[in-house]
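Okay, structure first, notes after.
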Ligand SMILES: Nc1ncnc2c1ncn2[C@@H]1O[C@H](COP(=O)(O)OP(=O)(O)OP(=O)(O)O)[C@@H](O)[C@H]1O
Ligand SMILES: [Mg+2]
């Protein structure tokens, strides 16, 4: 059984969209998939059509093992789900001991059987829940849109995952970046992808997820992109991600192969040096908004491409609100 966490400290990078549609793709490949929603905001739970599950029928149960509560597993058409509950937010204040990062691992080992994949969706923050997910995991997927803030968030997340692997979970065998919301027409997207591939090499998945309107609308009523339009770009892309993941972690074998692609080129120091971030911030007021060229592969001095300058046309009056 593969335990896979989807996380990025930055919000809105496609974690929940990836959790839903990758799970659906894995299920279509014949895998039995359980999704655990560990985001207290519970967007995945809501998107799959469950409004507000009772706390005792939610992922809160993972952290209340003194009760005899049975796994709160909902069977959905695409996959099974342990939904989230807003009660997770209140519970978080009580989970302050160092050993409180072990609950999810223990629960999954004790109470979850019969699945090929357990996928955990997390919130955009380092919380006791995201740490629980990482401690329980064999593999981690970091969805990242090829833009400045998501890339910074993804690099910070990579550092967190590396730290958890070293100190808390040596069983964490693979961590991968997955590009989401890729727009092939945007030069900046190409530069950020080159930057990440140059720096992290095989740690970046070959498959990418392109922008796809069907992805953003399909999961509002409990369906996935495969129900909405199996020929949509999002369906094709998540099917490719599922195939790559299955090959990567050897899902058809009993043991995960050790991962040879853990480290970024240039060692484990903080991936984005503060001076780069500072330079990036000051470049916003720069009179010369030209993009830096992307670093070549495996250069230690890899620096982030600058943010795309705001186009002049953005400020032009548009639409009915500017007719006067
Ligand atoms: N490939 C895509 N193409 C178009 N829209 C997308 C794509 N992936 C995600 N989106 C949209 O982007 C928004 C953010 O996606 P999502 O909720 O999956 O991100 P998240 O990382 O889970 O966010 P949060 O940090 O708030 O949990 C959503 O409106 C979603 O529909
Ligand atoms: Mg989310």
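Straightening the chain between residue 213 and residue 231 buys 5.2 nm, computed as 0.36 nm per residue apart minus the Cα-Cα spacing.
How much FRET efficiency would the formula 1/(1 + (r/R0)^6) give for residue 1 and residue 163, where r is the Cβ-Cβ distance and R0 is 35 Å, rounded to 0.05?
Efficiency, from the Cβ-Cβ distance: 0.90.
Spatial offset of region 156-178 relative to region 77-112 amounts to 19 Å, using the alpha carbon center of each.
Among 129, 107, the ranking by other beta carbons within 10 Å of each residue's beta carbon, starting with the fewest, stands as 107, 129. Ranked by how many other Cβ atoms sit within 10 Å of their own Cβ, fewest first, the residues 218, 303 fall in the order 303, 218. The gain in end-to-end length when the residue 66 to residue 111 segment is fully stretched comes to 14.8 nm, 0.36 nm per residue minus the alpha carbon separation.
No lab work stands behind these numbers, since they all come straight from the coordinates. What you are looking at is a predicted structure, and each value in this text was computed from that prediction instead of being measured. FYI the Cβ positions are ideal-geometry reconstructions off the backbone, even for glycines, and counts take in every protein chain you see.
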